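Below: the structure, in structure tokens.
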Amino acid sequence: MATLRPWRAADGTAGVQLFMWCPGCDGAHAVEIESPPVRWEWDRNLDSPTISPSILVNGSEPRHPGRPRCHSYVRAGRWEFLGDSEHPLAGQTVAMVALPDWLVEE
């Protein structure tokens, strides 16, 4: 349900992101799990991950233009969308969905 992606910047810094498909936004969300400083804790389970703290994707940020605000927890493979999310799944808990093949294979 999730996949790992390493990255390396031109300045030599590197890290790893955990990618998941958000059914509320109908798009991918990624969290930094192995880069200094580590921002999220992850239980190392790709099938039913638990991540903390919460994930906030804000549509007003330049890297997420036009996206609704999405605020959630991922616990044991379930998205827990907080009430301040701006999509139809706000306030609901739903099972994770598989990543699209094109995202897994990149």
> Residues of region 30-52 with amide nitrogen under 12 Å from the 7 Å Cα-to-Cβ point of residue 98?
Replying inline: none
>> Is the C-alpha gyration tensor of region 1-88 telling us rounded, prolate or oblate? Criteria: a/c under 1.5 is rounded; beyond that, a/b larger than b/c is prolate, otherwise oblate.
In response: oblate
> For the chain, can you list the cysteines whose C-beta has no other cysteine C-beta under 4.7 Å from it?
Replying inline: 70
>> Let me check I've understood the local charge: for residue 17, count other residues with C-beta under 11 angstrom from its C-beta, Lys and Arg +1, Asp and Glu -1. What total comes out?
In response: 0
> Which value in deg cm²/dmol, rounded to the nearest 500, describes the helix-derived mean residue ellipticity at 222 nm for the chain, given -39,500 (n - 2.57) per DSSP H run of n ≥ 4 and division by the residue count?
Replying inline: -1000 deg cm²/dmol
> Expressed as a whole percentage, what fraction of the accessible surface of the chain belongs to carbon and sulfur atoms when a 1.4 Å probe is rolled over the protein heavy atoms?
Replying inline: 52
> Can you give the net charge of the other residues whose Cβ lies under 9 Å from the Cβ of residue 51, counting K and R as +1 and D and E as -1?
Replying inline: -1
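The values are calculated or read from the model by the stated rules, or taken from the named source; none is laboratory data. Everything numeric here is computed off the predicted structure, so don't read it as measured data. Glycine gets a Cβ as well: all are built from the backbone with ideal geometry, and neighbour counts include every protein chain shown. Surface areas here come from the heavy atoms of the whole protein model, side chains and all, with no ligands, DNA or RNA. Shrake-Rupley method; radii C 1.70, N 1.55, O 1.52, S 1.80 Å.
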